[in-house]
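One structure is given below, encoded as structure tokens.
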């Protein structure tokens, strides 16, 4: 559903990505771990067709993000670090409007209730203006909009930054539920080792634009994953 092949991106002499190969299947969560500047956001931007690769390809559900970006974007939804919503609109108005922009059709009321139920947005929050929402609540509205438009894949960019431990844990559980129950392919670009261990099927460690390590999440406990991450990124033992 999400695929990159030999993906390379340079900005002048700066190499942001060098030959990235990764795939994310329907129902799978892939955590792309890495420090700031590793190339995580660049990967997401290339998959969205917001940047053009220097070499290689990025595709969503078989649609090349550079050659056919509109078709690719119809299949994917993007949830950034700071979800941008219309603050004077209610949650319901935001999702209805964003869905209409994405699909050209107005979602029916029952469908909106269904997607709000799926993302766990409280009933009494659905008709409140989102300007006063917490980051976690805004994320739920953003994901509700993704589900309402029928996205088959999600791209999450640093989704747990700024969340308290409870909200971070709830978000990881929501990501896992969306993959397991809804069959979404989810790529989560993050530096949150512990949420990656909780929510993911596979984890890749990106260092200076290169995929330096890739593991199955089930094979490592969170503390072992942290050790692997530190050793891979900083190239030295930490104990």
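Against the list (1) assigned to a strand (DSSP E or B); (2) under 12 Å from residue 29 (Cα atoms), the condition residue 197 fails is (1). Looking only at residues in segment 187-210 that are modelled with pLDDT of 90 or more and over 27 Å from residue 61 (Cβ atoms), the one that is surrounded by the most Cβ atoms within 10 Å (Cβ to Cβ) is 207. If the requirement is being in contact with a helix residue (DSSP H, G or I) (Cβ under 7 Å, 6 or more places away or on another chain), outside any helix (DSSP H, G or I) and surrounded by fewer than 17 Cβ atoms within 10 Å (Cβ to Cβ), which of these qualifies: 88, 176? Checking each option against the conditions leaves just 88. Scanning segment 48-63 for residues that are within 14 Å of residue 6 (Cβ to Cβ) and surrounded by 15 or more Cβ atoms within 10 Å (Cβ to Cβ) returns 53, 54, 56, 57, 58, 59. Is it the case that some residue within segment 53-70 is closer than 18 Å to residue 150 by Cα and in a helix (DSSP H, G or I)? Scanning segment 53-70 turns up at least one residue that is closer than 18 Å to residue 150 by Cα and in a helix (DSSP H, G or I).
In this structure, residue 214 does not qualify as part of a helix (DSSP H, G or I) and under 30 Å from residue 19 (Cβ atoms).
The values are calculated or read from the model by the stated rules, or taken from the named source; none is laboratory data. All figures in this text were calculated on a predicted structure; none of them were measured in a lab. Note: ideal-geometry Cβ built from the backbone for every residue, glycine included; neighbour counts use all protein chains shown.
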